[in-house]
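The values are calculated or read from the model by the stated rules, or taken from the named source; none is laboratory data. Just so you know, these numbers come straight off a predicted model, no measurement behind them. Heads up, the Cβs are rebuilt from the backbone with ideal geometry, glycines too, and the neighbour counts pull from every protein chain shown.
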Amino acid sequence: MKKNLQILITAIVLTCSTAVAAPVPTAPKTNNEISKQNTQAQTIKENKENYEERKQTQDKKETSTPKEPNVIKEIKETEKTENKPTQDKLDAYQEIRDQAKLLYNTNKPEEAQKLFLSIPDSEKVSDDWLIMANIAQDNNKEIDAVFYLKKAIQADDKNYKAHYNLGNIYYYDNKINMALSEYRKVLRIQKDYPYAYYNKGCCYLKKKSWFNAKYEFGLAIKANPEEPSFYYNLAYTYKMLKKPKKAQEALEMYNKLMSQ
């Protein structure tokens, strides 16, 4: 009997520990109790809202970029000022530039090149690079010349002479399409520049595009009717187009200008 009682108690205990208890009914709340409970609920709600607000503010502070201290700002401004050349330095560079141009114009290119090289790259102007390219070309340093011409264009994309000279280098390297591209840029900058039309015509001769060559030589002559070489190449173009009469007229004009 005792043994059976022990088993029964164990079973009851196990059942109670695993079951979900039903809620105990309570007596109705008084008005004071309801008011007190509402006040507590409101307080809990306000505390929760305040917590969310503080959390959002904290998140913003953590994600926002920290402001630089004034000392760091002052140091950066000082560095900018120090890196910027003073007016005295700019005047000195201009004096070097003028001396280099004088040497170049008096047929002393090597001395001129040394002076140009002494000017910092950041302070060189487009024409400095252009003259350096001319000197490099005269010394058969084509790679240097191309580099200097590209720097001249980078310093001033409107420097049509740099585009023109770069086009000439491409032409003699048989890079005809690249040459044409540079000559087109020349004409966008310097409209009716006759030698750009003429060189375009020469490019089309190499491509055996006779009609395009004739057209470009015609524009060159329109821009400068006194240049003999324009008529000579036009005569050759008419010959390739099998128009001997036109070719003869252009050749006669060439001879006339050459005899003046």
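Below, the figures for the structure above:
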read-out: Selected residue [β-branched (Val, Ile, Thr), surrounded by fewer than 16 Cβ atoms within 10 Å (Cβ to Cβ) and not assigned by TED's automatic domain parsing to the domain that holds Lys214] from Ile135, Ile143, Ile131, Ile169; value: Ile143
read-out: Subset of segment 219-239 that is polar (S, T, N, Q) and part of a helix (DSSP H, G or I) - its residue that is farthest from Lys206 (Cα to Cα); value: Ser229
read-out: Pair list, Cβ under 8 Å, 6 or more apart: segment 110-138 residue touching a residue at least 40 places away in the same chain (Cβ under 8 Å), other residue of a type in the set (Lys, Arg) and assigned to a helix (DSSP H, G or I); value: none
read-out: Cross-chain or 6+ apart pairs with Cβ under 8 Å, segment 142-156 first and small (Gly, Ala, Ser), then outside any helix (DSSP H, G or I) and buried (at least 17 other Cβ atoms within 10 Å of the Cβ); value: Ala152/Asn159; Ala155/Lys124
read-out: Count - residues of segment 227-242 that are more than 21 Å from Val186 (Cα to Cα) and surrounded by fewer than 16 Cβ atoms within 10 Å (Cβ to Cβ); value: 4
read-out: Boolean, Asp157 is under 30 Å from Glu123 (Cβ atoms), assigned by TED's automatic domain parsing to the domain that holds Trp129, modelled with pLDDT of 95 or more and not in a helix (DSSP H, G or I); value: yes
read-out: So Glu216, is it in the same structural domain as Lys243 (by TED's automatic domain parsing), surrounded by fewer than 16 Cβ atoms within 10 Å (Cβ to Cβ) and either closer than 26 Å to Asp156 by Cβ or not hydrophobic (A, V, I, L, M, F, W, C) (or both); value: no
read-out: Candidates Lys246, Lys214, Lys256, Lys242, filtered to the one that is in a loop (DSSP other than H, G, I, E, B), modelled with pLDDT of 95 or more and either over 30 Å from Leu130 (Cα atoms) or among the aromatic types (Phe, Trp, Tyr) (or both); value: Lys242
read-out: Selected residue (criterion: nearest to Lys150 (Cα to Cα)) from residues of segment 168-182 that are touching a Cys at 6+ places or on another chain (Cβ under 8 Å) and not hydroxyl-bearing (Ser, Thr, Tyr); value: Ala179
read-out: Count of residues meeting criterion [among the hydroxyl-bearing types (Ser, Thr, Tyr) and touching a residue at least 12 places away in the same chain (Cβ under 8 Å)] in segment 85-107; value: 2
